[in-house]
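The structure under discussion appears below in the form of structure tokens.
The values are calculated or read from the model by the stated rules, or taken from the named source; none is laboratory data. Everything numeric here is computed off the predicted structure, so don't read it as measured data. As a convention, Cβ positions derive from the backbone with ideal geometry for all residues, glycine included, and neighbour counts pool all protein chains shown. For accessibility, only protein heavy atoms count, side chains too; no ligands or nucleic acids. Shrake-Rupley method; radii C 1.70, N 1.55, O 1.52, S 1.80 Å.
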Amino acid sequence: MIPHRRPDRGHQSCTQTERGTAIGAGSGAIIGGVVSNSWGGAAIGAVAGGVVGALIGHSQEHQGYCIYRDRYGRRFEARCR
């Protein structure tokens, strides 16, 4: 059996999306907890912050790429012109 090996990403331990999700969730939990003074508010803040952080992180991974439509209306991603 050959062990599965993750693709080498240099010294980076996580992707920008993963990092954005973690930072967003942590920040959202703190802000939500402080503003609402409840655990429920912290949980909602963590979810909302995680989603926003993931979106921002994902956008950082695809710098220099744009979304285009072909003549049939299909979307595709390619280097910006």
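Residues of the chain: accessible area per residue at 1.4 Å, in Å²?
83
Residue farthest toward the positive end of the dipole of the chain, with Cβ of Lys/Arg at +1 and Asp/Glu at -1: which of GLY32, THR15, VAL47?
So the residue we want is THR15.
Would you work out what percent of the accessible area of the chain, with all protein chains in place, is carbon or sulfur (probe 1.4 Å)?
After summing per-atom areas, the C and S share lands at 62 percent.
Quick check: the angle from helix 16-36's long axis to the longest principal axis of the chain, C-alpha only, nearest 10 degrees?
Long axis of 16-36 versus the principal axis of the chain: about 20 degrees.
What shape does the chain take by its C-alpha gyration tensor, where a ≥ b ≥ c are the square roots of the eigenvalues and a/c under 1.5 counts as rounded, a/b above b/c as prolate, and the rest as oblate?
oblate
I need the peptides 20-31, 57-68, 38-49 ranked by packing, meaning the mean over residues of other C-beta atoms within 10 angstrom, with the highest value on top.
Top of the packing list down: 20-31, 38-49, 57-68.
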